[in-house]
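Shown next, in structure tokens, is the structure this report addresses.
The values are calculated or read from the model by the stated rules, or taken from the named source; none is laboratory data. The structure presented is a predicted model; accordingly, all values stated were derived computationally and were not measured. Every residue, glycine among them, receives a Cβ derived from its backbone with ideal geometry; neighbour counts consider all protein chains shown. The protein model used for the area step is the full one, side chains on, heavy atoms only, and it has no ligands, DNA or RNA in it. Shrake-Rupley method; radii C 1.70, N 1.55, O 1.52, S 1.80 Å.
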Amino acid sequence: MLQPEPAGSRAEQGICARPVVLFDFDGVLVRGDAFSRWLRHRFAIAWWLIIPLVLMALVTFPAASTLRGRGVIVRWVVTLALVGLDETTYRVSARECGQSIARDPRRLSSTALCALKAHRDRGDRVLVVTGCEETLAHSILEQLGLASIELVASRVVQGRLGLRIAVRNVGREKIRQLALRDIHPLWDVAYSDSPADLPMLEASRSAVLVNLRGADLARVKTRLGDRSTMVNW
């Protein structure tokens, strides 16, 4: 449900406050999933990780039927992919992958990028809020000339036993990460292609549903009512 704006929000700051516009990344600005592309490259290079990956897939297959279970599987797969990588090596690899994605127009949505730039050029406060890992997402934005766009993303950090996931920025975690940047509901517009972003979409005055279809579209529209607009990009 929509929550009232907290003290100090746009409602109390007056009409001069900049509109806040949030863009999901994968499936909106980038076609497909950017981090999955890095994972495929990683497992192709580190072929010795394929055996534990297959064994893990067999054990965790039943969990894939639930959203929570899929989240656990994703965390395990990412943790496995990070085995043997230090922070410097990972970030070099992620930047190279991001640059490769950004140079391929087939992997980008020119319409979504134009919409983002239009909001930016109007003076809106535009943020990309994504489950993609930060280094990879920033590399893509930088290659596209959008390095100045605020990015709220998943993060990995160096732990005692190697790299680990510090923040998995999906679902309600996006709301928490935005709050850490002093950005609170209600924001003005949110763009997303996924029902997983319902917390972010419900906390917006206007929601733009990108390429949603079938049961996913029906579910999201039921929750959002007439505050949602459907686009096919």
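What are the pairs with Cβ atoms under 7 angstrom where one residue, in the stretch 217-233, is open to solvent by 70 Å² or more (accessible area, probe 1.4 Å) and the other, located anywhere, is part of a helix (DSSP H, G or I)? Sequence gap at least six, or different chains.
ARG219/PRO195; ARG223/LEU198; ARG223/GLU202
In this structure, is THR111 open to solvent by less than 10 Å² (accessible area, probe 1.4 Å), touching a residue at least 24 places away in the same chain (Cβ under 8 Å) and touching a strand residue (DSSP E or B) at 6+ places or on another chain (Cβ under 9 Å)? So that I can check it myself, show each step before the final result.
Details: open to solvent by less than 10 Å² (accessible area, probe 1.4 Å): no; touching a residue at least 24 places away in the same chain (Cβ under 8 Å): yes; touching a strand residue (DSSP E or B) at 6+ places or on another chain (Cβ under 9 Å): yes.
Criteria not met by THR111.
Give the residues of the stretch 143-153 that are polar (S, T, N, Q) and closer than 15 Å to GLY98 by Cα, sorted by residue number.
Within the stretch 143-153, just GLN143 meets the criteria.
Filter the stretch 183-207 down to the residues that are surrounded by 21 or more Cβ atoms within 10 Å (Cβ to Cβ) and among the polar types (S, T, N, Q) and list them by number.
Within the stretch 183-207, SER192, SER194, SER204 qualify.
Which members of the stretch 193-207 meet the condition of being in contact (Cβ under 8 Å) with a residue 24 or more places away in the chain and within 20 Å of ALA112 (Cα to Cα)? Give the steps one after another, and end with the answer.
Our first condition is that a residue be in contact (Cβ under 8 Å) with a residue 24 or more places away in the chain; within the stretch 193-207, this holds for 193-204.
Once the filter is applied, which keeps residues that are in contact (Cβ under 8 Å) with a residue 24 or more places away in the chain and within 20 Å of ALA112 (Cα to Cα), the stretch 193-207 yields ASP193, SER194, PRO195, ALA196, ASP197, LEU198, MET200, LEU201, SER204.
Check ALA190, ALA153 and return the single one that is under 16 Å from VAL78 (Cβ atoms), among the aliphatic types (A, V, I, L, M) and touching a residue at least 24 places away in the same chain (Cβ under 8 Å).
Working: ALA190 fails: under 16 Å from VAL78 (Cβ atoms).
None of the other options fit; the residue is ALA153.
How many of the residues making up the stretch 140-182 are small (Gly, Ala, Ser) and either surrounded by 13 or more Cβ atoms within 10 Å (Cβ to Cβ) or at pLDDT below 95 (or both)?
Going through the stretch 140-182 one residue at a time, the tally reaches 6.
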